[in-house]
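The values are calculated or read from the model by the stated rules, or taken from the named source; none is laboratory data. Just so it is clear, the model here is predicted, and its values are computed rather than measured. Quick reminder, even Gly has a Cβ in these numbers, built from the backbone with ideal geometry, and neighbours come from all protein chains shown. The protein model used for the area step is the full one, side chains on, heavy atoms only, and it has no ligands, DNA or RNA in it. Shrake-Rupley method; radii C 1.70, N 1.55, O 1.52, S 1.80 Å.
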Amino acid sequence: MSVTTQFLAGIRKILKTLDGEALRDWLKVEPPLPQEYYNLAAELKDRYRDDDALLRLVESSLPEDDDVPEGQGTSWPGFVSFMKDYLEYWRDVDFDSLLSAHQLLTALANSCATALNNPTYGTIMLQTGISICNSFTTLSLTLNKRPDLTAMLAAFNSGDEEQKTVIETTAEIMQKFFTACLTDRSSPRYGQPTGKKLGIYIFANKTLKLLVMNNKSYLATQLLTNIMAKSPPLAYYPASQRVTFLYLLGRYHFNHDLYWRAAQCFQEAYMQTPAYFQKHRRIILTYWVASNLTMGILPSQALLQRPEAQYMAPCYSQISAAVKKGNYIAYQHAIKQHEEWLRSKGFPLYITLQWRIRPMIWRTLARRTFLLTYTPPAKDESRKAAVLKLADFKTALRYVQRRLEGYLPANPTPKGPQANVNNYLLKAVSNSAGRRSRKSTLVPPPGGPKRLLANEGVLTGNMPITDHHVESMVMSLIGQDMLHGYIAHTQAVFAIMGRRNRGSPVVAGWPPVAEVILKRSVEPFVPGWVKDEAQ
């Protein structure tokens with residue numbers, strides 16, 4: 001009996017017993033491998049170069065039985081087609097050629113997904129499908145890092161109407177497995193999952209990882225919609241699948257600027273991860289803290305002192321301190337100092353912390369400017385609204401801009417008593433001609449102002465700050481409810497509302513950021529996260 005015939009005979013025995021794990025162990029697709037697989041490959045190359053002859057061999061070795069006893073199984077057309085593709089894979093595969101191996105594995109994975117769809121015996125393919133998909137996704141990610149090979153693949157598929165990347169093609173095939181599991185009717189939706197439903201979150205996680213980690217998050221929207229419509233509650237699945245899904249779901253929402261949703265997912269994933277899995281907790285915590293920062297929730301020192309937080313603590317503690325003090329210079333320094341680490345965690349994280357934190361720093365800087373320049377009214381003027389002069393805020397912003405451009409503090413000259421601290425602030429930018437002035441607090445750096453990148457200035461690069469910019473900045477903060485009041489255009493001031501009711505113009509004009517953002521961000525549930533039937 002030939003090696004191929006013996007191999008197919010062993011497959012038929014496994015089908016009769018419906019042993020999915022044994023079938024998975026039999027149908028290997030990548031090294032390391034026993035010698036029998038290399039013998040099988042050699043025989044297929046030598047005797048079965050013709051595809052039709054190979055199909056006839058499979059059909060004769062794996063006939064479809066009519067009267068199958070209960071508890072036993074048999075082959076079906078989809079499985080026969082899969083086995084033909086499997087033998088073709090071993091006949092033609094060259095593990096030294098990533099591109100050809102990937103094309104063969106793509107065809108095999110597609111065939112496996114089709115066989116899994118069989119309503120009667122498809123469940124036996126679940127473990128095999130998971131195994132093949134593990135190899136397939138690993139090879140796809142490896143190939144995606146080789147632009148020379150992906151360019152060759154794109155040239156090969158240049159005639160297609162819609163060209164797709166390696167990641168997109170792989171994710172589409174993963175979604176076929178996911179759909180086959182999701183639509184299985186072996187158990188009620190809100191009951192304990194059985195059969196193919198056991199694989200829902202295995203394939204959902206594979207798909208989400210491919211898309212989220214490769215900046216293709218938008219392609220996962222339909223998958224999450226289907227989960228919300230048909231999936232059993234996540235709590236029924238093993239902890240590893242739950243935590244992985246919650247982390248990837250959090251990454252999906254984070255990439256779409258939905259930070260409250262992301263924070264809920266990261267928090268639950270972190271809480272469900274045992275403390276001894278420090279690497280996993282560190283990955284989750286990196287994004288959980290970032291999500292909270294965008295909502296004005298700063299990490300506590302106790303959290304940043306945990307073992308899994310030691311690598312991120314310097315970055316997040318510096319950013320938090322800058323937000324508290326409205327120190328835009330310290331904030332830019334922290335981003336620059338830790339840029340390599342932030343970029344290594346993903347471009348969305350870097351971009352989020354680069355731009356989403358700025359309004360909170362502007363808010364705090366406006367508050368500090370108000371505290372420096374505000375003079376409480378006399379009793380007969382107590383009904384007047386407390387105001388922040390936009391000119392004063394502009395002075396503070398221009399001072400920050402000059403410092404970012406490299407201007408240095410001048411040696412201060414002795415000053416007499418000041419009736420209003422604002423006079424000191426106004427001197428900060430008085431040296432506009434670049435000459436040392438006895439009244440200036442800043443002098444130009446040697447060689448002239450530093451040329452800033454687009455993301456390094458208060459606005460963008462070296463763009464001068466105008467009255468229009470300041471007014472727009474304050475209006476945006478009012479629109480985000482970070483400031484409570486209105487702009488009096490004729491007087492060029494920000495007027496605070498509710499001072500008498502709140503007892504203090506600072507409390508009235510600068511409500512807590514976290515309270516404001518959470519008020520408009522909290523939702524009844526997180527889309528994509530199925531909890532229970534009542535949801």
Picking from LEU365, LEU408, the residue that is closer than 26 Å to ILE319 by Cβ and at pLDDT 95 or above would be LEU365
Return the residues of the stretch 500-511 that are surrounded by fewer than 18 Cβ atoms within 10 Å (Cβ to Cβ) and within 33 Å of the chain's Cα centre (by Cα); say none if nothing qualifies.
PRO511
Restricting to the stretch 125-150, what's the tally of residues that are outside any helix (DSSP H, G or I) and over 22 Å from the mean Cα position of the chain (by Cα)?
1
Is one or more of the residues making up the stretch 322-340 under 25 Å from ASN455 (Cβ atoms), surrounded by 15 or more Cβ atoms within 10 Å (Cβ to Cβ), touching a Cys at 6+ places or on another chain (Cβ under 8 Å) and at pLDDT 95 or above?
yes
Would you tally the residues in the stretch 91-100 being part of a helix (DSSP H, G or I) and either surrounded by 21 or more Cβ atoms within 10 Å (Cβ to Cβ) or of a type in the set (Ser, Thr, Tyr) (or both)?
2
Tally the residues that are buried (at least 21 other Cβ atoms within 10 Å of the Cβ), in contact with a helix residue (DSSP H, G or I) (Cβ under 7 Å, 6 or more places away or on another chain) and touching a residue at least 40 places away in the same chain (Cβ under 8 Å), restricting the search to the stretch 253-267.
6
Tell me which of these PHE156 doesn't satisfy, since it passes every other one: (1) among the aromatic types (Phe, Trp, Tyr); (2) over 16 Å from PRO31 (Cβ atoms); (3) surrounded by 15 or more Cβ atoms within 10 Å (Cβ to Cβ).
(3)
Going by the structure shown, is GLU59 at pLDDT 95 or above and part of a helix (DSSP H, G or I)?
yes
Among (1) under 28 Å from GLY195 (Cα atoms); (2) without any contact (Cβ under 8 Å) to a residue 60 or more places away in the chain; (3) open to solvent by less than 40 Å² (accessible area, probe 1.4 Å), there is one condition ASP66 misses while meeting the rest; what is its number?
(3)
Evaluation of SER135 against (1) open to solvent by 80 Å² or more (accessible area, probe 1.4 Å); (2) modelled with pLDDT of 95 or more (one fails), failing number
(1)
Pairs, first closer than 22 Å to LEU126 by Cβ and part of a loop (DSSP other than H, G, I, E, B) in the stretch 23-43, second open to solvent by 30 Å² or more (accessible area, probe 1.4 Å) and among the aromatic types (Phe, Trp, Tyr), C-beta under 8 Å, six or more apart:
GLU30/PHE95
Count of the stretch 213-241 residues which are among the polar types (S, T, N, Q), within 16 Å of the chain's Cα centre (by Cα) and either surrounded by 15 or more Cβ atoms within 10 Å (Cβ to Cβ) or assigned to a loop (DSSP other than H, G, I, E, B) (or both):
3
Restricted to the stretch 79-110, and to residues that are small (Gly, Ala, Ser) and more than 31 Å from the chain's Cα centre (by Cα), which residue is nearest to PRO63 (Cα to Cα)?
SER81
Hey, ARG282 closer than 30 Å to GLN241 by Cβ, open to solvent by 70 Å² or more (accessible area, probe 1.4 Å) and out of contact with any strand residue (DSSP E or B) (no Cβ under 8 Å at 6 or more places or on another chain) or not:
no
Taking ASN117 as the residue in question, decide whether it is within 25 Å of THR225 (Cα to Cα), open to solvent by 50 Å² or more (accessible area, probe 1.4 Å), at pLDDT 95 or above and polar (S, T, N, Q).
yes
Quick count over the stretch 481-499, residues being open to solvent by 50 Å² or more (accessible area, probe 1.4 Å) and without any contact (Cβ under 8 Å) to a residue 24 or more places away in the chain, is 3
What is the residue count in the stretch 155-186 for residues that are touching a helix residue (DSSP H, G or I) at 6+ places or on another chain (Cβ under 6 Å), assigned to a loop (DSSP other than H, G, I, E, B) and among the small types (Gly, Ala, Ser)?
1
For the stretch 300-315 the number of residues that are of a type outside the set (Gly, Ala, Ser), open to solvent by less than 20 Å² (accessible area, probe 1.4 Å) and under 18 Å from ALA263 (Cα atoms) is 3
Being open to solvent by 70 Å² or more (accessible area, probe 1.4 Å) and out of contact with any helix residue (DSSP H, G or I) (no Cβ under 7 Å at 6 or more places or on another chain) is the filter here, so list the residues in the stretch 463-480 that pass it.
MET463, PRO464, HIS468, MET475
Give me a count of the residues in the stretch 271-306 that are assigned to a helix (DSSP H, G or I) and over 23 Å from the mean Cα position of the chain (by Cα).
2
Does any residue in the stretch 162-187 that is within 15 Å of ASN144 (Cα to Cα) come within less than 6 Å, Cβ to Cβ, of a residue that is crowded, with 18+ Cβ neighbours inside 10 Å and of a type in the set (A, V, I, L, M, F, W, C) six or more places away or on a different chain, and which pairs are these?
VAL166/LEU143; ILE167/LEU210; THR170/LEU210; ALA171/LEU210; ALA171/LEU211
In the stretch 366-409, what residues are of a type in the set (A, V, I, L, M) and open to solvent by 20 Å² or more (accessible area, probe 1.4 Å)?
LEU371, LEU372, ALA378, ALA385, VAL387, ALA391, LEU404, LEU408
Considering every residue within the stretch 188-195, establish whether at least one is open to solvent by 10 Å² or more (accessible area, probe 1.4 Å), in a helix (DSSP H, G or I) and either in contact with a helix residue (DSSP H, G or I) (Cβ under 9 Å, 6 or more places away or on another chain) or at pLDDT 95 or above (or both).
yes
